[in-house]
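Following: one structure in structure tokens, then a few remarks.
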Amino acid sequence: MRTLRLVLGDQVSRHVAALRDLDTERDVVMMCEVQDEIAYVPHHRQKIVLILSAMRHFRDALRREGATVHYVTLDEPGNSGSFTGELKRAIEKFTPQQVVVTAPGEYRVWDAMRHWEAAFGLPVEIRRDDRFICTATRFRQWARQRQNLRMEFFYRDMRRETGLLMDGDRPEGGAWNFDAENRKPWPKRETPPARRRFPPDTITREVMALVERHCPDTFGTLDAFDWAVTRQGALDALDDFVIHSLPFFGRSQDAMKRDAPFLHHGLVSAYLNIGLLTARETCQRVEQAYRDGHAPLNAAEGFIRQIIGWREYIRGVYWLKMPTYAHGNALEATRPLPWLYWSGETTMECMAQSIGQTRDHAYAHHIQRLMVTGNFALIAGIAPVEVERWYLAVFIDAYEWVELPNTHGMVLFADDGLLSSKPYAASGAYINRMSDYCGACVHDVKKRQGDGACPFNFLYWDFMLRHEDRLAHNPRMALAYKNVARLPPAERDAIRAQARAFLDDLPTRPAP
Ligand code: FAD
Ligand code: DLZ
Ligand code: SF4
């Protein structure tokens, strides 16, 4: 046997670098379900099912192609529980001349991988993950020329490099960004579209039973599992989005609506992140819809920016700054994560909705993650490591390379402004403007403090007061601090007291 090719659970693509030159006559492809990956955070059960089912479907597709696949299931006797342990066993079994693997998404796994060659005494080739448009080296060069790492300029380079939505060397429509036309609340009388569902097949049902047995106590329900688990399914899901939702994507990107988790979002991050879709083909499909006159430019540009802009940029920051990136805590936030993040039990309708749908679908859209659960964690001063662990666990698309910069940087400002020029702190007014949550809430969004006041209000003002020394001189916070300056001393004291009492009263328990 010539080459042992290891494919990880978020690399289930025939085009992944480690399979590029697969020789089905002589090579062995290896995949393993391992306890270390199942348990490094308490993953939502739907996330585990998606990964294991996608792995098993990919195994079968490779076998149909004639490849030899060494596949270790979670409950197989002798399973060592780790990538390193399983690779060791496979090397002993197949005595390959070399191992080939695609670079992992997470630093933690890369840190183990780089010792394999010495540990096993045979060549281990770690190939660049060319599913991404921007390499780590290219991002490092870009970052070196900048005072601050703002996404917008990086995005323009990616547009030029990919040719997406370009008109020669100029941006299509004469502008790079059409956000002025985007981001409206959900129209009052409009019913959100039905999402295309992918009912579990036999393989998925087997995995669901395994996960129920193996992880009986982790977060999230499996009842509504309907994610696609194959390449074809993911392509169908993308088609469904492009046909029914893309035209309204920009307009409704920031909207929130009760009992409507998906609205006009793409629902493609889980597929992109495990290899069922590529970033390039997804954006090309969207660009084609625009060029065919099916979707307006503000929608297509807004969507493509999320992928070749934000997604690539976030990954660039992760690999630029790891492993030290996770250590910062610029705002010195130390509170434990309240239990309500796991239970969803709270009188705050916005939090109950965002966490409840996360429990049911392993999904919340960007604004719920940023401006509801994220904003609460920021203004309540919750310890970054606890918030990050939650985000890494509960979402169907969560991997550290994308979760960490979003949570640590964008939401918590724990990186002291590397990623965003100011904290995204907001009072209840923002949630009220962009959702119908407040009308169904027991708290009064118009009240700053006192009986019945919306917790987002007094927590916001308490946050601003707490961090006045650090943030007041930030030019982007100047307007907000003008309002702080107008607060009478007695009201400042009342806000501080109410915020402390409210937070001290929130139940905490050891995380699952
Ligand atoms: P859409 O709203 O349809 O957007 C289209 C695509 O753009 C997404 O599929 C995604 O690939 C990309 N995208 C949009 N925003 C971002 C962003 N900020 N960073 C990276 N990609 C982006 N995304 C993940 O894939 N995994 C995570 O673990 C993750 N954690 C997040 C944590 C926080 C605190 C925040 C604020 C955002 C996080 N995001 C994460 C980004 C974003 O919320 C999700 O990508 C998006 O909600 C996925 O749903 P969708 O496919 O319907 O996205
Ligand atoms: C997230 C995850 C889970 C839950 N289980 C597995 C697994 O059993 N086997 C596997 O190969 N991958 C799994 N993954 C995805 C890995 O955690 C992911 O490949 C690494 O974090 C590298 O990005
Ligand atoms: Fe959330 Fe406050 Fe609105 Fe209630 S009133 S839904 S707590 S923002």
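If you check Ala270, Ala299 for being part of a helix (DSSP H, G or I) and within 16 Å of ligand 2 (Cβ to nearest atom), only one passes: Ala270.
Going by what's in this entry, would Leu370 be described as in contact with a Phe, Trp or Tyr (Cβ under 8 Å, 6 or more places away or on another chain), outside any helix (DSSP H, G or I) and among the aliphatic types (A, V, I, L, M)? Considered against the rule, which asks whether it is in contact with a Phe, Trp or Tyr (Cβ under 8 Å, 6 or more places away or on another chain), outside any helix (DSSP H, G or I) and among the aliphatic types (A, V, I, L, M), Leu370 comes out as no.
Can you tell me which residue is farthest from ligand 3 (Cβ to nearest atom) among those in the range 1-19 that are open to solvent by less than 10 Å² (accessible area, probe 1.4 Å) and more than 21 Å from the chain's Cα centre (by Cα)? Restricting to residues being open to solvent by less than 10 Å² (accessible area, probe 1.4 Å) and more than 21 Å from the chain's Cα centre (by Cα), the top hit is Thr3.
For the range 56-104, the tally of residues that are closer than 19 Å to Trp116 by Cα, in contact with a Leu (Cβ under 8 Å, 6 or more places away or on another chain) and in a loop (DSSP other than H, G, I, E, B) stands at 3. If you go through the range 329-353 and keep only what is open to solvent by 30 Å² or more (accessible area, probe 1.4 Å) and either at pLDDT below 95 or assigned to a loop (DSSP other than H, G, I, E, B) (or both), you end up with Asn329, Glu332, Thr334, Pro336, Trp339, Glu345, Thr346, Thr347. Once the range 28-55 is narrowed to residues that are touching a residue at least 60 places away in the same chain (Cβ under 8 Å) and assigned to a loop (DSSP other than H, G, I, E, B), the residue that is most open to solvent (accessible area, probe 1.4 Å) is Tyr40.
Looking at the range 397-498, the helices (runs of 4 or more DSSP H) lying wholly inside it that each contain 2 or more residues that are more than 30 Å from Pro42 (Cα to Cα) and within 16 Å of ligand 1 (Cβ to nearest atom) sit at 428-434. Taking first residues from the range 153-181 that are closer than 17 Å to Arg280 by Cβ and partners that are acidic (Asp, Glu), the Cβ contacts under 7 Å between residues at least 6 apart in sequence or on separate chains come to Met158/Glu312; Leu164/Glu287; Leu165/Glu172; Leu165/Glu287; Leu165/Glu301; Met166/Glu172.
For the residues Arg258, Arg285, Arg291, the requirement of being over 14 Å from the mean Cα position of the chain (by Cα) and under 16 Å from Phe241 (Cβ atoms) singles out Arg285. Reported count of residues in the range 274-285, each being open to solvent by less than 10 Å² (accessible area, probe 1.4 Å) and farther than 21 Å from Phe178 by Cβ, is 4.
Among the residues of the range 308-321, is any part of a loop (DSSP other than H, G, I, E, B), farther than 17 Å from Phe219 by Cβ and not acidic (Asp, Glu)? Within the range 308-321, not a single residue is part of a loop (DSSP other than H, G, I, E, B), farther than 17 Å from Phe219 by Cβ and not acidic (Asp, Glu). Screening Gly356 against (1) within 16 Å of ligand 3 (Cβ to nearest atom); (2) modelled with pLDDT under 95 leaves a single unmet condition, (2).
Every condition in (1) away from ligand 2 (no atom under 16 Å from the Cβ); (2) more than 22 Å from the chain's Cα centre (by Cα) holds for Ala112 except the one numbered (1). For the range 348-396, filtering for residues that are hydroxyl-bearing (Ser, Thr, Tyr) and within 10 Å of ligand 1 (Cβ to nearest atom) leaves 3.
Reported count of residues in the range 124-164, each being more than 30 Å from Val100 (Cβ to Cβ) and either among the charged types (D, E, K, R) or assigned to a loop (DSSP other than H, G, I, E, B) (or both), is 14.
The values are calculated or read from the model by the stated rules, or taken from the named source; none is laboratory data. Small disclaimer: the values here were computed from a predicted structure and weren't measured. For neighbour counting, all protein chains shown are included, and Cβ atoms are generated from backbone atoms with ideal geometry for every residue, glycine included. With ligands, DNA and RNA removed, areas are computed over all heavy atoms of the protein, side chains included. Shrake-Rupley method; radii C 1.70, N 1.55, O 1.52, S 1.80 Å.
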